[in-house]
Amino acid sequence: MLKNILVSLFTLTLVFAPVSSFAQTINPSPQPKTQVGENAPETQAQETTLYQKTIVISPTTFELTANIGEVVRNKLKIRNAGTEPLAIAMEAADFTTIGEGGEVTIKNAEDESYSLAKWIIVNPKNFTLAPQEEKIVDFSIVVPLGAEPGGHYATVMAAATGGTTAGTGLAIAQKTGALVLLSVAGEVKESLFVKEFSSPRFNEYGPVPFKIRFENAGTVHTKPMGFVSITDMFDVKLIDIPFPAHNIFPGKTRLIDDVKWDKKWLFGKYTATLVGNYGISNTPFVALTTFWVIPWKIISVAVLGLLVILFFLWKIRRRMWMAVRILIRGQ
């Protein structure tokens with residue numbers, strides 16, 4: 001028996017010893033750490049430093065209206081906020097939004113209904129800015145006679161090239177743009193509806209968040225404005241909470257999820273009413289949701305404590321009764 005045990009232990013030693021040795025041989029050797037900051041070697045800092053530049057453009061958004069055949073003129077300010085001269089090239093491109101957050105992306109003019117870039121003329125198109133220098137750039141929108149009424153969207157961009165990473169010669173390009181939202185007069189369809197207005201059905205505490213989804217089924221962008229009105233179970237109005245105003249483009253859905261009732265201690269059933277309007281005609285919209293706020297943990301602890309007290313009183317009820325009788329009779 002003892003002999004079999006010793007043989008088994010020797011066999012296991014032979015099996016696992018090579019595995020352990022192999023594992024040690026494949027452990028990677030410690031990599032040298034890259035130093036960043038004041039203590040970094042000068043040569044290394046030169047190899048990793050990038051050419052820094054920043055283009056600042058203002059204003060960042062133009063919301064314009066025009067008639068068919070009209071020419072609309074405006075101006076942009078371009079500033080070189082970097083430390084090196086920049087060669088600037090101006091251009092216009094159509095854009096659209098993706099996702100429910102309204103993220104802007106440049107696109108080709110596949111949908112002529114909303115295209116605008118080909119109507120834009122920028123002057124000057126090319127120039128150089130010294131560090132901290134500013135320049136005013138003119139742009140004109142020539143609305144053709146056959147323009148389709150409704151929304152048309154583009155961005156006027158300032159592009160800079162010429163910066164390189166030290167030692168590589170790799171050019172770095174930067175583009176900064178201003179959004180141009182043009183509404184061409186005519187038979188324009190304004191149609192916005194509330195796709196969702198909700199809050200968590202049950203809450204233990206505040207704050208209570210709200211989700212608002214708008215869908216634009218019209219042919220022009222619109223910016224809904226309004227507030228969330230909250231009443232309690234007795235129909236008493238407690239607060240009006242404004243929601244942020246964002247442009248919603250044709251055929252797009254926009255989610256607004258940064259609205260909340262910022263109060264912690266609440267109890268009961270509440271009703272939230274979304275009230276607002278949109279468009280040139282201030283078309284109204286209304287939506288409603290209800291929610292509960294019950295601090296059930298605190299209530300559970302309180303009820304449990306009360307039950308413990310009642311149980312204790314029940315256990316000593318005879319002694320208490322005897323004490324009361326003695327007090328009454330004076331014995």
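The table for this structure:
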{"quantity": "Extension gain from Leu179 to Ser191, taking 0.36 nm per residue of separation minus the Cα-Cα distance", "calculated": "2.1 nm"}
{"quantity": "Surrounding net charge for Leu76, when Lys and Arg each add one and Asp and Glu each subtract one, Cβ distance under 12 Å", "calculated": "+3"}
{"quantity": "Förster-model FRET efficiency, 30 Å R0, Ala245 and Phe127, C-beta, rounded to 0.05", "calculated": "0.25"}
{"quantity": "Distance violations [Cα-Cα > 25 Å] among Lys107/Lys195; Lys125/Lys189; Lys118/Lys189", "calculated": "Lys107/Lys195; Lys125/Lys189"}
{"quantity": "Sum of side-chain charges, Thr289 neighbourhood, beta-carbon under 10 Å (Lys, Arg +1; Asp, Glu -1)", "calculated": "+1"}
{"quantity": "Virtual spin-label span in nm between Thr283 and Lys297, 7 Å along Cα→Cβ", "calculated": "4.6"}
{"quantity": "R0 of 25 Å, Cβ-Cβ distance Val104-Glu63: FRET efficiency to nearest 0.05", "calculated": "0.95"}
{"quantity": "Cβ-based exposure ranking for Phe193, Phe62, in which fewest neighbours within 10 Å come first", "calculated": "Phe193, Phe62"}
{"quantity": "Footprinting exposure proxy for Ile120, Ile68 (fewest neighbouring C-beta atoms within 10 Å first)", "calculated": "Ile68, Ile120"}
{"quantity": "Cα gyration tensor shape for segment 117-274, rounded if a/c is under 1.5, else prolate or oblate", "calculated": "oblate"}
{"quantity": "Residues Val143, Val56 arranged by fewest to most Cβ contacts within 10 Å", "calculated": "Val56, Val143"}
{"quantity": "Shape call, segment 192-293: gyration tensor on alpha carbons, a/c limit 1.5", "calculated": "prolate"}
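Every number in this text was worked out from the coordinates using simple rules, so none of it is lab data. Note that the structure is a prediction, hence the values are computed from the model and not measured. We place every Cβ from the backbone using ideal geometry, glycine too, and count neighbours over all the protein chains shown.
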